[in-house]
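What follows is one structure encoded as structure tokens, with my remarks underneath.
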Amino acid sequence: MFTKYEKRKYAQAMRRIEIGIWGQKKSLFRTINLTTREGDDNSSNRFIRDFRKLVKWLRQKSLYHAIEYCCALGYTPENQLIHMHGLLRIKGGYLPVSRRELGDKWNEIHGAFAVKMNSVKSYGVLLEYVASHIMKDYSSAGMIKSHFLVSRGWRNHGYEKIVEEVKEWYLNGNGGGWLDSKGWRIINKVIKGYCEHKDMLIKADFGHVIIRQGRIVEAEIYGYEREA
């Protein structure tokens, strides 16, 4: 069982992944799985260092097109060797590297051949991979691990101001305090809609918010109305 703190970390990690997926074409993504060979240095620090070397090489091979990533480290149950499941998001969607080339390079950097990289056929497959591999590694053995990696450019940006405005509306209408689970669901809906360039009508028991073209045009708390 997770503690409240661990549940919050899990939700935060999931939100960080989703923010890099929302509004993006599925053709931009690749799933990736890297391993460690038995007998090698099995430390997470070395794995993370070598993975970043691999990403640097991939960016050079793709003529420095933006390649962003999110991933989690896990441990193979039989031998406790580190492995990694993750997503790559490639600007333009084209990566001029075969799986064999990727395996050869990972072996050169980390001393392990076993590599998997696949395109994504649908958003359903993408989200299933996130849940069954990345988040499973992140929360393995019934506890939250600290080795969750997200590149600087993974997240979409620009939604921060509107999120703060929606938080203010929700908390004022709900009597202040902290965001509850319903409030966070609304925030996630707002971020998703912003990333997907959707107009939105957000309703609550106490009022509503109308968002068009990424900005609030009306925020009402019944009995009190604020025009944006």
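Can you find a residue in the range 69-86 that is part of a helix (DSSP H, G or I), in the same structural domain as Tyr129 (by TED's automatic domain parsing) and either at pLDDT below 90 or of a type outside the set (Ser, Thr, Tyr) (or both)? The answer is no, given that none of the residues of the range 69-86 is part of a helix (DSSP H, G or I), in the same structural domain as Tyr129 (by TED's automatic domain parsing) and either at pLDDT below 90 or of a type outside the set (Ser, Thr, Tyr) (or both).
Look at the range 186-197: where a residue is in the same structural domain as Ile210 (by TED's automatic domain parsing) and touching a residue at least 12 places away in the same chain (Cβ under 8 Å) and a partner is part of a helix (DSSP H, G or I) and hydroxyl-bearing (Ser, Thr, Tyr), sitting 6+ places away or on another chain with Cβ atoms under 9 Å, you get Ile186/Tyr170; Ile187/Tyr170. Candidates in the range 21-62 are the residues that are part of a strand (DSSP E or B) and β-branched (Val, Ile, Thr); of these, the one that is farthest from Gly92 (Cα to Cα) is Thr35. For first residues located in the range 169-183 and closer than 17 Å to Ala219 by Cβ, partners that are charged (D, E, K, R) and surrounded by 14 or more Cβ atoms within 10 Å (Cβ to Cβ) and lie 6+ apart or on another chain with Cβ distances below 7 Å form the pairs Leu179/Lys167. Can you work out which of the residues in the range 188-199 that are surrounded by fewer than 18 Cβ atoms within 10 Å (Cβ to Cβ) and more than 16 Å from the chain's Cα centre (by Cα) is farthest from Trp22 (Cα to Cα)? Of everything passing the filter in the range 188-199, Asp199 is farthest from Trp22 (Cα to Cα). Restricting attention to the range 113-142, the residues that are hydroxyl-bearing (Ser, Thr, Tyr) and more than 20 Å from Lys91 (Cα to Cα) add up to 5. How many residues does the range 87-125 contain that are in a helix (DSSP H, G or I) and touching a strand residue (DSSP E or B) at 6+ places or on another chain (Cβ under 6 Å)? Selection size over the range 87-125: 4.
Could you check the range 159-178 and list, in sequence order, the residues that are surrounded by fewer than 18 Cβ atoms within 10 Å (Cβ to Cβ) and not acidic (Asp, Glu)? Passing the criteria: Lys161, Val163, Lys167, Leu171, Asn172, Gly175, Gly176, Gly177, Trp178. Restricting the range 60-111 to residues that are hydroxyl-bearing (Ser, Thr, Tyr) and within 18 Å of Lys25 (Cα to Cα) leaves a set whose member that is farthest from the chain's Cα centre (by Cα) is Tyr94.
Look at (1) modelled with pLDDT under 90; (2) on the phi < 0 side of the Ramachandran plot and you find that Leu63 fails only one, number (2). Set side by side, the residues Glu68, Glu6 differ, and just one is at negative phi, of a type in the set (Asp, Glu) and surrounded by fewer than 16 Cβ atoms within 10 Å (Cβ to Cβ), which is Glu6. Hey, does the range 146-158 have a residue that's surrounded by 13 or more Cβ atoms within 10 Å (Cβ to Cβ) and more than 14 Å from the chain's Cα centre (by Cα)? Scanning the range 146-158 turns up no residue that is surrounded by 13 or more Cβ atoms within 10 Å (Cβ to Cβ) and more than 14 Å from the chain's Cα centre (by Cα). Is there a residue in the range 43-62 that is over 21 Å from Val150 (Cα atoms) and of a type outside the set (Lys, Arg)? Within the range 43-62, not a single residue is over 21 Å from Val150 (Cα atoms) and of a type outside the set (Lys, Arg).
The values are calculated or read from the model by the stated rules, or taken from the named source; none is laboratory data. Note that this is a predicted model, so its numbers are computed, not measured. Don't worry about glycine lacking a Cβ; one is built from the backbone with ideal geometry, like all the others, and counts go over all protein chains shown.
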